1. Sorted from fewest to most neighbouring beta carbons within 10 Å, what does the list W4, W160 look like?
2. Work out the FRET efficiency for T42 and I166 from their Cβ-Cβ distance, taking R0 = 45 Å, and round it to the nearest 0.05.
Amino acid sequence: MADWYYIGHYGQLGPFTREQIDDFVLDRVIMRETYVWQAGMTDWVTAERVPDLAEILMRAEPVAAVPPPSPIAVGRGPLPPPVLAPGTAAPALSRDLGASTPGFEPYPRSEFAQQRSDRSRALGGILNLVLPGVGRIYLGYSAVGVLQLLLTPCFVGYVWSFIDGILILSGTVRHDGYGRVLGE
């Protein structure tokens, strides 16, 4: 008999059979805090307060996975707090904190980000000025380069590519499409 209702995102929904309600619980449509009502109840209650639904809710609960370790702590462990001599003040926070505190790196450095690219910023900029989009494709930004090429017939690609070429030559683009540091 279809005599169950619940309040979802779109308001009151129902009537549903008990089997449908069980499926909603297992599919995580109805959760612990979802209000349900059945003929014979005096008021709406949360699903966790209905004994029969509480059992199914326990089965539907996902098992919490252990979160991965933070990338900063991998291999190095957490940084110890600085030890100050009595009567000394803590150093002022600044971007140059690494120079004043031995062994402390304010921004973790990735080995991949330090790799030099085999691509030249100057050649990429000049290619983008002369042939719209080709400089971006050369630097590894294929999607941007193809967009510039496709927009060339309506003159927007020329303007975009010309401005982009100037930005590349001025040093605004510092990395290639693979995250490596561009050569001069």
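Rule-based calculations on the coordinates, nothing more; no lab input. Predicted model, so just to flag it, every value in this text is computed and none were measured. Cβ coordinates were reconstructed from backbone atoms using ideal geometry, including for glycine residues, and neighbour counts include every protein chain displayed.
1. On the way: W4 24, W160 19.
Least to most surrounded, the residues fall as W160, W4.
2. Values: r = 73 Å, r/R0 = 1.62.
Efficiency, from the Cβ-Cβ distance: 0.05.
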